[in-house]
Structure formats: structure tokens, C-alpha cells
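Contents: one structure, followed by commentary.
The values are calculated or read from the model by the stated rules, or taken from the named source; none is laboratory data. Please read all numbers here as calculations on a predicted model, not as lab measurements. Neighbour counts run over all protein chains shown; Cβ positions are idealised from the backbone, glycine included.
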Amino acid sequence: MAETNPTDTIETALANLRDSFLPRFRAADTEQALRDENAKILGKKGELTAILKQLGRAPAESRKAIGEKVNAFKQEVEAGFGSCLKNLQRLEREAELSAPPFDLTLPGRAPVLAGHKHPVAMVREDVVAIFRQLGFAVFDGPEIEHEENNFTRLGFPPDHPATDMQDSFWTTSGKLLRTHTSNIQIRAMTTIEPPMAFIAPGTVYRRDDDATHSPQFHQIEAFLVDRNVTLAHLKGVLAEFAERLYGPGTPVRLRPSYFPFVEPGAEVDIGCVFCKQANQTRAGCNICKHTGWIEILGCGLIHPVVFENCGIDPEQWSGFALGMGLERIAMLRYGIPNIKLLFENDPRMLAQF
Amino acid sequence: MKVSYNWLRELVPLLTACPSDLADRLSNAGLEVEGITEYGVATEACLVARVVSVRSHPTKSGLRLVTVDRGAGVLQEVVCGAPNVPAAGGLVVLAPLGAHLAAKNMTIARRAIGGVESEGMLCSEDELGLSLDHSGILILPQALAEPGTTLAAAIPNARDTIFEIGVTPNRPDCLGHVGVAREVCAIYGFPFALPSPGQKPAATDHQTKSLVAIAVQDAERCPHYGAAGVVDVAIGPSPLGVRYRLQALGVRSISNVVDVTNLVMLEYGHPMHAFDLDRVGGARIVIRRATSSEKLVTLDGIARTLVKDDLLICDGSGPVALAGVMGGASSEIQNTTNRVLFEVACFDPRGVRRTARRHGMHTESSHRFERGVDPGDVVRVLDRAVALTVELAGGSATAGQIHVQGTRVDAEPAPPPRRIVPLRAQRIGATLGVDVPFVEAIGILERLGCEAKAGTSGSEGLTDEVEVLVPTHRPDLVREVDLIEEIIRIRGMSSVPAVLPAVRASRDVGGREELARRARAAATSIGLSEAITFGFTSESVLSALSAPPPAVRLANPLGEQYAVMRTTVLPGLLEAVKNARRHGERNVRQFTIGPVFLSRQDSRDGLASEASEKDSELPCESMRIGFVLAGERPGWLEKPKSFDAWDAKGYAMALVERISGQAARVEPLDRAHAPAHLHPRGAAFLCIGTERVGSFGPLHPDVVDSLELDGEVLVGEIDLEPFTKAAQAPQYVNIARFPASVRDVAFVVKDDVLAGEVERVVRNAALPLGETVHLFDRFVGGSVPEGSSNLAFHVVYRAVDRTLTDAEVDAAHANVVKEVAARFGAMLRG
């Protein structure tokens, strides 16, 4: 048998490989199988490398031509691999896209599980913001107070039943836990010259602990002292406040009442926000006891006695003060039925706000 | 104050408004109607009936069959179980078929009782809603009314509408029906007239002043003591009309004479007292202050030990009443009383209040005296009581009244002084912001009992200032502004327009509201929820939490658990954890913001710095934020893991950094210095720079047990006072423009080597090219030798001015490995 011509052998091997590589690539059904097949042909120990090893036996004059052929073939294989790879990837993506949808009923993974502000704090921030927009600034003061600032200078007569409305906690050193934020009126008016416009949000204490009272609760006091402040100005601020806190068109009414440090004094009702009808009338409901009105705060013109007790001339200056309990506003706003819930700090309750 | 609609209509004949309209008008004038109840509704459906015959029930012993005439000769037989069915001719009350008895929530239906059909029921007062008496059926007086008349028509007072009015403490005049009637007239513009005291009874020859001698030893505490007498009275029950009027107003009927004192008090608002004159020892009444430790048994059966400030009514043998508060048992009206002495006095409101509070008493009498009774109505009230007594209990009035005013004793009192208050027309508009014609204003005041006369400054014909003579029943009208309030109160506050003022803005004083707002935002942003916690706690809890001893103790706490003011904000948070766990909620992540109350020595600044001299008597209130972590760390569909010390560290640092805008540092503590309430292995201080601002860690297991917290809890507390100023604005640092090279490296180190130390050495060794060092894994077990852990770091190398070459990075990283190995004997892991 005649010895085979190495050139022919290489040519034959290349031709065989050329015929077979595409079907082999196409048979691969995963990317890995395709890459493996590619490596079998083009890898270091691949079939093409094996063919090239025979190149040395070929006559020198034909090596160059064979080399070019091999290179061209190599490109052909790579192109085939590329297109098969692309095809496979497209199939894979299509398979992924048409697979069953994710179960989005599983809980979402929140970036940070944000905490909750206390409902009373939310109301406090809102009320403070409204009064700030109206030009009032915040005046801080202590929770443990001199009797003088909490009662005497506010015009509470000694041994008078008016103090029954505010049964106090006394300290063993004769101070008291402030029963209202009105102590700030005294602190402001004895340290700052009028005019002034302040709010005083804060914690207050009264010696009441029953189903509808908490011994500690929160108030915001607002007061304005200037020349020629009238009851009409108080009504103006109240109307604006009600519109901003409870929505446009919220009606406000004043009912005369008594607080020792204001005269005239009044309690303020707003139109019930729970049974309001589209035509702005009120149907009456349990929350407003079928009156159509809800009491939200107490107010009045600052009593001349209070001015005098602070060294301000009531003939020259006048002013108004108003004070509200934040718990009541929060309970109305969020439909919280019992004040005690606001102080139990039950996580199931706090998580609702 | 309960107010009868019927009675108001008797006092104000022109009043036609229905109860709900009247209630609105009263509320809008400052007499807030807090509730309206109906009294005796069933009396409109129930009929007067006459017993015709009575026979036994055929089968049931104890029941009887009563045939009654229910009007117009119509007879009806009903089954009745009451023990007191009257004989034929007696008048009873029949609830006919269909009548609704609201008090029993029951409608009369046809029913068979023991086989006998009954189409109605004979009623007790209890069933009619007239009183709580259910001892037997109501038996009416003979000839009260014809059978068939409704009970409401037969006894008008058996049906009434009762207003519950929240009378403010400045309005003692409205603690009686006459005062409320005066208001009603002022509101509606009706003329007001005081009621007639009734038929003036013929007086006997007995002079009141010869029956009893009265001496007032403390005229300051008792400026006026008036008395009048009735002799030959017959004590007995009051007529039904009187009983039901009292009952409707919440007062139990006792006997005709005692009922007189209550009726007159409810009419005029002036409490009074009735003595059995024959039991007044020595026929003497002395009003004096108690001696120290003197004893008196009051009508409620309680023996009271008195002090010198208490004012007493005494007879010849000793104290008989605590003046203005409550009588004693010794001289009260008996069934056999024949001679009655009525007392109508004026006591100093403040003294009555002190006595009532001292003895823990609050009576109808003290309630009115504390607020101030009308010093001008004593004669009128006595006249009324005497006339009513003669009407209800017979007898005759003694001649003349006794009035003691200081040393003056006379049959007529000296009129009490009346206050004069000037009123300027101009001030009305200047105060209210609405123009009220002066004539209208004065008219309102006159309707309330004031008298106005032109002041001196008015020009001829046109006056712009008047002097207002205030009636004695209005102790609250003292200043001009009080009159202006009356004007707008009656005119209606709705007549004032709403005008937004031009506010001259102020600037914040103190900065705690903003500080709290910032702290709140920071805490909620890291997943904590806000608790509002009590300022008071107990001394034992403070001591368990190794907090400073209380600086403030309450003199009248609600209980031992709330006896002192807190010096740490943790108690309330731990209480929340305890409550939550009791309800089966294991996971609690909460914070609270508020002051602690420290002695001036314990505090570092707080209010102290700005406090005036007087305020240095107050404790220092220092703002804190505290947080608590209990239960499991939030995760996503993975095996839950409990919070541990590193969670506490993470929350604590995030809080401080977000609130302050500055980098926080943790200063771990050795066992000797850890706060006693924290776990000795996990306690640490939080610092900014060199300043300690807080602490955190797991709660000590002994504290967990002693506070009954039922499981591990982590806590942290941070002083907010250093952050009162707004957080520093962050300053921009150039961001890198050249690429970084990242190398990971892991070391096996002994457990006593602190990870932070290793990190610090890595960081220093990587300089100057090392930009950040991040410990990303800590691993124990597996191939890591016992007692060691594997720490893996990402080290990022970067230069600001060029791209680093591999050789540079390799050299820097080799130095890191070398340093750590040299320093800790650490093995490099591949």
C-alpha cells in the first residue's frame, strides 16, 4: 500500500471536521455542552490541534497553504460556535421568560422596615407645623413647675374650685407637675417684651386615672400678644387652624365657657368630621352625640389679671390664648376609641400608624 | 347640676321652646347642657285606676286577682303579686296593654299567669321609673284624680325632662333653678321676676329670737347667719308631687321638712339646714372655729377629728355641724320633731373648701358654698322655707327672723355691699372686634340683674361710659372685661367675625421641639416605633436600672409604682415590652423621647444653663432618647434570629449619628465598669469624640428577672442635650476618579483578639493606598481551630491621582498580611 500523502491526510481530516462541526454544535442543547464541543475542536487537546500536529510531516511548500486553510476553517468554526451560542442563549432566555411567574404573594423584602411615629406625635408635629406657618414660634418650658407659674399668676384664686378642674400632682418640695401648658404664657410674658406669638407643645399631668383620663397627657397652647388683639382675631386663627387641620370648609363655633386665665373664655367646637355629608351638612353620629359638633379646644382673650401679673399693661396690650389636648385630636383623627390605648404602647397598635 | 324643664317653665311662664332648643340656647350662652334625660315617660301611658274588688288567684298562692275601674266604668281584672294591694276604693296605677315601661324595658302584653289571663299590670314606682322603690305597688292618695286619668296628668311632676348642665365654677348663681331661669330670660329676652315665696303664713306669738340665741364668733368665716322658725309641724312624707320633683333631680325624698331644705336649695342654690329646735342644747347656736382635735360625727356616720381651721355650728353642748359641709346626727329632724329652726347662712367660700377637702368630703352644700352663695337672698330663702314648711307640714311660723352679721343682730339684715364696675363703650368693640351698640350692651347687663347709671365722663345725652352696679348673685363680675364677656355671651359669640390677624412672628425659645422631631425622624428611619412613656416610675425600678436616685418625689402619687419622677427613660419602654409579651407579642422595637428629672448636681446642663435663680429650685429636665429591642431581628423568609448585642450597637450608633450628624464611637466596658443594669459581657458607652453620650447593651439577666420581662431585652439610652443645636451640615469630600483595586484577605486569629483591633491594624498597614477596610465575614468551626475565628476583610486600594499598578497593590497588600501576622500571630487563610 502506498504511503499516504500527509498533505492529503490533513486535507481529508479538515474536510471531515468541516462536515461534522456544525451538526455537532447544533446537537448541543446547553451552553456548557456547546462550549465543551467547541473545546473538543479548538481546545489545546482538540481535534484541530491534533490535525495541526501532522503539519510538520507535510512538505514545506504546502504548509503555508494548509496553514491558511486551517485558519480559515478555524474562523468558520468560531462563527458557527458564535451563532449556535447566540441561538442557545436566546432559547434559554425565552425559556426563562416563559417559565411560571414569580410568586409575588410572598412578602416583599423591604429595604428598611421603617418604624412608626406615635399617633400623638404625628398630631403634635402637624399642629406645630400649622402654627409655625401662621407665624408662631415654639417656646419650651419645664414639666415641673412653680405653683406661681402654673396657677397663681394665671389668676387661679387660692382655695378656689377652679383648681378642681386640674387636680395636681405635688412634689415633696412643694413644686407641681404642670397641669397644662399655660405655664408657658407666664414664662414667655415675664421674659419677653410683647408683641409675641408662641406655641407651647408639651406633656402635662393631672391626678385623674380612670376610663377616660390618663394621668399624663399632652397639650399645645398657642398665644398671641399684640396691640388691639380682639376676639375676632382669635376666631380668625381658629378658623384657619380648623381649615388646615380638618380640611377646607370645616365650620367652627365658640361656646362661652370658663377658664380663670381668659376672659371672655370659650370652648371651641368644629363641625363633626365623621358625619359630614357631601353638601356640608351633618347627619349626626355617635361621635358627635348627634349634635353635629365636636369639642376640640378651649380658648379666650388673655385675662387682664394675667397681664398685670406679668408686668404687662392690659390697657396697652391684649392677646388671646388657646389650648388643646393632643390625645383627643389623635383619637378623633385615627378613630382610637380609648385614651388608654395611647399609653400602652402595644406594638400591634403602634404599627398601625 | 340637674335642672327640671317643668320647673323652669313654672319660673318662666313665657318659655315655650322645646327642651332640645332650650338646651342649644343654654349651651351657646355658656351653660353647657351635657345631657338630657326623660323622667317618668311611662306615666304618660299608665292610668289612675280604682280597686273594685280583690280575690285570691285560683292556683297560685301569693297572687291576687284585682278588678279595677280603669275609667268611665270600664272594669278590668289583672293579676297582681304585690303585698300591698289596697281594699276596694283604693287608687292604684294600671299599666294597660301596650304600655311601655322604659325603666324595666318592658311592654305590657297579654299573658297568662297561673292560667289566668292578665291584660295589664299594677305598677310600683320602680316599674314606672319614678324611684327605686319596689316594695309594693304605688298607692295614690284618695281623690287624686278620676280613674282613667294618665298618671302624668294626675301628678304633673311625675313626668319631666331633666337637663344635666355643666355649671362652670364661676357661676354659683346657676346652681339653683331661679338662677337658671334668670339666664333663660336673658337669653330669650323675657322679663324675669323672682318667684313668690308662697302664701306668707300667719305668725304665732312666739318670737324667733326668744326661742334660740345665736352668736357668731368668727364673722370673717361666717359673715351672715340667718334663722327662722316653724312650730307645731307634723313630720311625714311629702306629697307625691314634691317627692317626684326631688327624685327627678336625683335627690331622695326623706320627710316633708327635710325635703323643704332640699327643694329650696335646688330653687335658690342656697344650701340650708333644719334643726329640731328641741334638740338644740341650751337653745343656743354658736358659730365658732373648732379646737384642735375636737371630734364630730357627721351625718354620714364618720367620726371626724377637726382642726382649728374648721368652722363649726355648735349648740349648748357641742358641735352639731361642719359649717357649710355637713350636719351632725344630734339635732337632725326626727319623726317626732315639733319645732323646726331653719338656718340660711353665708360662709367664706375658701374656708368651706379647705374643710371639705381636708375631710375628703364633697356635698351639695359644700359645692355651692365653695363657689359662693348669694349673700343678698337670705331673707328670701328663709321666707320660702317657712312658707313651704307650713304648706307641707302644717304648723305656724315664729315671728321675725334672726340675722347675725358680725356683732349686728337684727330681724332684718343689712344689705350686702354691691360692686360697681365701670364700663366704657369703646372697650367693647376693642375687645370683641365687633361693634355692639352701647344701648344693646347695657340692656343685656340689665337683663342679668345689673343696674347701669351714667358715668361722670359722658357728655350730655350721649354717654360712652357707665357705672354698672353688679347684683349680689354674680360674684364673678369684677372687672370691665367680665361685663364685656356677659355681653357677648348673651348676644352670641357667633356674632363675632373671624379675622386673621397680621402676626408679628416670634423666634423659638429653647430648641427641644425641633430636637425631639429630629430624634423621632432618626429613630423611625431605622425601624423603631415610638412609645409615649410616663414620667413617673418607682424608686425600685430606677435602682434596678442603676439610674441616679430620684431627684423628685411626688407628695400625692397615684401609687407606689408612680411615686418618683424618672431619671432614666427606660422604665416605660420595659413596661411596654412586658405588656407586649403578656399579649404574646415577642417582638418589640421601640423608642421613646422625653425628659429625665435630675438633681442639679446629676445633670450636665439641660435647662440649668438658662435657668433663672428661681428656677434653680426646679430639677433639671434633660432630654433623652431610649430604645428597646426584644425578640427577633426582621428578616425575609429565613430562620428567625434573636436580637443580640451587635443589634444594640448598630441601632445605638445609627441613632447618634443620624441625630448629631457626627461619627459615633463605641467604648466597650470591662466588667468592673459596666453599668449594673447591663449584661457585663455586652455593655458599652457611646461617645462622640471624647464625650460619652449614652450607653447600650443587653439588659442584665438579673434585671430581666426582677422586672419580670420574660426573656432577653436589649436597651440603649442617649442623652439628647448635646445635640440641641441643629446637626452639622455635611461637608462634601471629593469622590475618586481613578479605579480601585479590591483584595480580600482572611486571617485566623485567637478569640481573645478583638476584631476591631485587627481591622485597625489592617487599616493602618494598608495606608497610604488603602481606602476602605471592611470586615465582611466572621467564621468559626469547620476547619477553623477551636478557640479561634476566621476574619475576612475586603480591602479597597486606590490613589487619588492615578490608576494603581498590580505591583503597587500587591506590595501594599503584602504589608497588610505581614503586619497582621506579626501583630496577632494570625494565620493567613487562602
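Picking from residues in the range A:109-131 that are more than 9 Å from chain B (Cβ to nearest Cβ) and more than 15 Å from the chain's Cα centre (by Cα), the one that is nearest to A:ARG328 (Cα to Cα) is A:VAL127. State which residue is nearest to the chain's Cα centre (by Cα) when the search covers only the range B:669-691 and only residues that are surrounded by fewer than 15 Cβ atoms within 10 Å (Cβ to Cβ) and outside any helix (DSSP H, G or I). The residue in question is B:ALA676.
Scoring B:THR107 on the criteria (1) more than 14 Å from chain A (Cβ to nearest Cβ); (2) closer than 22 Å to B:LEU130 by Cβ; (3) in contact with a Ser or Thr (Cβ under 8 Å, 6 or more places away or on another chain); (4) of a type in the set (S, T, N, Q) leaves a single failure, condition (3).
Condition check: farther than 12 Å from A:PHE81 by Cβ and assigned by TED's automatic domain parsing to the domain that holds A:LEU88. Does A:GLU31 satisfy that?
It is false that A:GLU31 is farther than 12 Å from A:PHE81 by Cβ and assigned by TED's automatic domain parsing to the domain that holds A:LEU88.
Could you check, for the range B:746-756, whether at least one of its residues is out of contact with any Cys (no Cβ under 9 Å at 6 or more places or on another chain), outside the structural domain of B:THR537 (by TED's automatic domain parsing) and on the phi > 0 side of the Ramachandran plot? No, the range B:746-756 contains no residue that is out of contact with any Cys (no Cβ under 9 Å at 6 or more places or on another chain), outside the structural domain of B:THR537 (by TED's automatic domain parsing) and on the phi > 0 side of the Ramachandran plot.
If you filter the range B:165-186 down to residues that are within 26 Å of the chain's Cα centre (by Cα) and among the hydrophobic types (A, V, I, L, M, F, W, C), you find that the one that is farthest from B:LEU14 (Cα to Cα) is B:VAL167.
Just checking, which of B:VAL503, B:VAL481 is facing chain A (nearest Cβ under 10 Å) and closer than 28 Å to B:LEU175 by Cβ?
Testing whether each residue is facing chain A (nearest Cβ under 10 Å) and closer than 28 Å to B:LEU175 by Cβ leaves just B:VAL481.
Condition first: out of contact with any helix residue (DSSP H, G or I) (no Cβ under 9 Å at 6 or more places or on another chain), under 20 Å from B:ASN28 (Cα atoms) and more than 9 Å from chain B (Cβ to nearest Cβ). Can you find one or more residues in the range A:246-266 that meet it?
Within the range A:246-266, not a single residue is out of contact with any helix residue (DSSP H, G or I) (no Cβ under 9 Å at 6 or more places or on another chain), under 20 Å from B:ASN28 (Cα atoms) and more than 9 Å from chain B (Cβ to nearest Cβ).
Checked across the range A:145-159, the condition of being closer than 23 Å to A:PHE353 by Cβ, facing another protein chain (nearest Cβ under 9 Å) and of a type outside the set (Val, Ile, Thr) holds for no residue.
For the range A:314-353, filtered to residues that are part of a strand (DSSP E or B) and within 11 Å of chain B (Cβ to nearest Cβ), the residue that is nearest to A:VAL225 (Cα to Cα) is A:GLY319. Being in contact with a Leu (Cβ under 8 Å, 6 or more places away or on another chain), outside the structural domain of B:ASP482 (by TED's automatic domain parsing) and either touching a residue at least 12 places away in the same chain (Cβ under 8 Å) or not aromatic (Phe, Trp, Tyr) (or both) holds for only one residue in B:VAL184, B:VAL216, and it is B:VAL184. If we scan the range A:303-320, do we find a residue that is within 32 Å of the chain's Cα centre (by Cα) and more than 21 Å from A:GLY135 (Cα to Cα)? No, because not a single residue in the range A:303-320 is within 32 Å of the chain's Cα centre (by Cα) and more than 21 Å from A:GLY135 (Cα to Cα). Taken together, the residues in the range A:296-313 that are surrounded by fewer than 19 Cβ atoms within 10 Å (Cβ to Cβ) and in a loop (DSSP other than H, G, I, E, B) amount to 2.
Residue under question is A:ASN286, and the condition is that it be under 27 Å from B:ILE36 (Cα atoms), more than 8 Å from every other protein chain (Cβ to nearest Cβ) and either touching a Gly at 6+ places or on another chain (Cβ under 8 Å) or in a loop (DSSP other than H, G, I, E, B) (or both); does it hold?
Yes, satisfied.
On the given criteria, is B:ARG553 surrounded by fewer than 21 Cβ atoms within 10 Å (Cβ to Cβ) and facing another protein chain (nearest Cβ under 7 Å)? Yes: the conditions hold for B:ARG553. Every condition in (1) closer than 27 Å to B:GLY281 by Cβ; (2) surrounded by fewer than 20 Cβ atoms within 10 Å (Cβ to Cβ); (3) more than 14 Å from chain A (Cβ to nearest Cβ) is met by B:ARG380 except one, and the failing one is (1).
Table: residues versus (1) modelled with pLDDT under 95; (2) out of contact with any helix residue (DSSP H, G or I) (no Cβ under 8 Å at 6 or more places or on another chain); (3) within 11 Å of chain A (Cβ to nearest Cβ).
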residue: B:HIS362; (1), (2), (3): yes, no, yes
residue: B:HIS367; (1), (2), (3): no, no, yes
residue: B:ALA397; (1), (2), (3): yes, no, no
residue: B:THR407; (1), (2), (3): yes, yes, no
residue: B:PRO416; (1), (2), (3): yes, yes, no
residue: B:VAL421; (1), (2), (3): no, no, no
residue: B:LEU432; (1), (2), (3): no, no, yes
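Here is a check on your reading of the model: is B:THR431 part of a helix (DSSP H, G or I) and in contact (Cβ under 8 Å) with a residue 12 or more places away in the chain? Taking the combined requirement at face value, the residue satisfies it. On inspection, B:ARG520 passes the criterion of being among the charged types (D, E, K, R) and at pLDDT 95 or above.
Which is touching a Leu at 6+ places or on another chain (Cβ under 8 Å) and exposed (fewer than 15 other Cβ atoms within 10 Å of the Cβ), of A:LEU106, A:LEU88? Matching residue, one of A:LEU106, A:LEU88: A:LEU106. Selection of first residues in the range B:721-744 that are surrounded by 10 or more Cβ atoms within 10 Å (Cβ to Cβ) and of second residues that are among the acidic types (Asp, Glu), restricted to Cβ pairs under 8 Å at least 6 apart or on distinct chains, gives the following pairs, ordered by first then second residue: B:GLU721/B:ASP605; B:PRO722/B:GLU691; B:ALA726/B:GLU514; B:ALA736/B:GLU771; B:PHE738/B:ASP801; B:ALA740/B:GLU771; B:SER741/B:ASP806.
Could you tell me whether the range B:306-325 includes any residue that is among the basic types (Lys, Arg) and surrounded by fewer than 18 Cβ atoms within 10 Å (Cβ to Cβ)?
yes
Inspect the range B:324-343 for any residue being within 23 Å of B:PRO416 (Cα to Cα) and in a strand (DSSP E or B) and give the result as yes or no. Checking the range B:324-343: at least one residue is within 23 Å of B:PRO416 (Cα to Cα) and in a strand (DSSP E or B). Among the residues making up the range B:629-639, a single one is facing chain A (nearest Cβ under 10 Å), hydrophobic (A, V, I, L, M, F, W, C) and either closer than 18 Å to B:ALA576 by Cβ or under 29 Å from the mean Cα position of the chain (by Cα) (or both): B:ALA630.
Residues that are surrounded by 22 or more Cβ atoms within 10 Å (Cβ to Cβ) and within 10 Å of chain A (Cβ to nearest Cβ) do not occur anywhere in the range B:537-548. Among the residues of the range B:434-444, the one identified as in contact (Cβ under 8 Å) with a residue 40 or more places away in the chain and more than 14 Å from every other protein chain (Cβ to nearest Cβ) is B:GLU440. For A:ASP210, work out the one condition from (1) facing another protein chain (nearest Cβ under 7 Å); (2) out of contact with any helix residue (DSSP H, G or I) (no Cβ under 7 Å at 6 or more places or on another chain) it doesn't fulfil. That leaves (1) as the condition not met.
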